[in-house]
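Presented below is the structure to which this report refers.
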Amino acid sequence: MMHLWSVFAQNDIRVTPKLTLTAGIRWDYQGALTDRFNALVRDFCVSCVNPIQVPGMTLMAGLEYAGVGSNPRGITNPHYGNIAPRFGFAYRFWHDTVVRGGFGIVYAQAWQNPGAAPGFSQTTTILQPTTEGIPATDLTNPFPDGVLSPVGAANGLATNVGRDVSFTDPNTNIPQTYQYSLSVQDTFRQNWLLSASYVGSYIRRLPVSQNLNHLSLPALALGNAALTASVDNPLSAAQNQSVNAPYLSVLNGTFMNQSTIQEQ
């Protein structure tokens, strides 16, 4: 659910018989996307310590959920400063020639992508091969560790560890467009109108998707042979720790219970 509110006021001012000004202002508010059951990811906390423990390492980061703990129910923070002024004018040079122009700011409604709500919707993936070209499983038993069941927000920061995650930046704001125009109109003969116009726009704050796990240029420079090489997986020790017993279902079927992984 999402709340949308707008307030608008406008006035036309006839300054002289030849000049008319138009001034208006609009306020737009787009509330954060919420869910009746809080089945939404709120953020990705990069400074939080993950509850899954690995000997000799401290795992950081994890997903946070809307409405859990002190988190708001919406997936984004509210923005109340979306003020949109509009100005226009019309000036008659001669009896049959008029110049018109205007400028305005428009706020577009932005779709807040909640992602796949991991924990509330659960996908079980087939293990990727640890050696290039050799499958880790076969179709007779594609899920040797079983099929995962949705657990909601119960796993907290441990949700989808070892799997893909997606989330909306809570500081996301709605797109803003600057629109402007200038035109000259002239009537001649009896039924002819000649018009020349310039219309432009400039858009800010368009939503984009960003991969936080992308490879850096120095890493790409290592080449395919190095990136696909099989190496020891230090994270596989997590499945042998008794403190991780509540999260074994999270680790099953991920690279975190494989003894070796690809360098990439």
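Pairs under 8 Å by beta carbon, first residue more than 10 Å from Tyr65 (Cβ to Cβ) and of a type in the set (Ser, Thr, Tyr) in the stretch 146-157, partner in a loop (DSSP other than H, G, I, E, B) and modelled with pLDDT under 80, six or more apart or different chains?
Listed pairs, sorted by first residue: Ser149/Gln122.
As an exercise: evaluate Ser149 against (1) under 27 Å from the mean Cα position of the chain (by Cα); (2) modelled with pLDDT of 80 or more; (3) part of a loop (DSSP other than H, G, I, E, B) and give the number of the one condition it does not meet.
Status for Ser149: all satisfied but (2).
Which residues, counting only those in the stretch 88-140, are aliphatic (A, V, I, L, M) and either surrounded by 13 or more Cβ atoms within 10 Å (Cβ to Cβ) or modelled with pLDDT of 80 or more (or both)?
Those that are aliphatic (A, V, I, L, M) and either surrounded by 13 or more Cβ atoms within 10 Å (Cβ to Cβ) or modelled with pLDDT of 80 or more (or both): Ala90, Val98, Val99, Ile105, Val106, Ala108, Ala110, Ala116, Ala117, Ile126, Leu127, Ala136.
The rows are residues; the columns are (1) surrounded by 10 or more Cβ atoms within 10 Å (Cβ to Cβ); (2) in a strand (DSSP E or B); (3) touching a residue at least 60 places away in the same chain (Cβ under 8 Å).
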residue: Tyr180; (1), (2), (3): yes, yes, yes
residue: Ser183; (1), (2), (3): yes, yes, yes
residue: Tyr198; (1), (2), (3): yes, yes, no
residue: Ser209; (1), (2), (3): no, no, no
residue: Leu215; (1), (2), (3): yes, no, no
residue: Ala225; (1), (2), (3): no, no, no
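Restrict the check to the stretch 179-192 and report whether at least one residue is of a type in the set (A, V, I, L, M, F, W, C), touching an Asp or Glu at 6+ places or on another chain (Cβ under 6 Å) and at pLDDT 85 or above.
no
Would you mention how many residues in the stretch 54-102 are more than 32 Å from the chain's Cα centre (by Cα) and of a type in the set (Asp, Glu)?
1
Using the structure shown, decide if Ser249 is surrounded by 12 or more Cβ atoms within 10 Å (Cβ to Cβ) and under 30 Å from Gly31 (Cβ atoms).
So Ser249 does not fit the description; no.
Taking the stretch 240-257 as the search range and keeping residues that are more than 20 Å from Pro118 (Cβ to Cβ) and not β-branched (Val, Ile, Thr), which one is nearest to the chain's Cα centre (by Cα)?
Result: Ala245.
Which residues, taken from the stretch 60-105, are free of Cβ contacts under 8 Å to residues at least 60 places away in the same chain and in a loop (DSSP other than H, G, I, E, B)?
Ala66, Gly67, Gly69, Ser70, Asn71, Pro72, Arg73, Gly74, Pro78, Tyr80, Gly81, His95
Looking at the stretch 34-48, which of the residues that are touching a residue at least 40 places away in the same chain (Cβ under 8 Å) and assigned to a strand (DSSP E or B) is nearest to Pro150 (Cα to Cα)?
Selected residue: Val41.
Based on what the data block shows, is Ser6 assigned to a strand (DSSP E or B), within 27 Å of Thr254 (Cβ to Cβ), of a type in the set (Gly, Ala, Ser) and modelled with pLDDT of 90 or more?
Criteria not met by Ser6.
The values are calculated or read from the model by the stated rules, or taken from the named source; none is laboratory data. This structure is a prediction, so every number in the text was calculated from the model and none was measured. In this analysis, Cβ positions are derived from the backbone assuming ideal geometry, glycine residues included, and neighbour counts consider all displayed protein chains.
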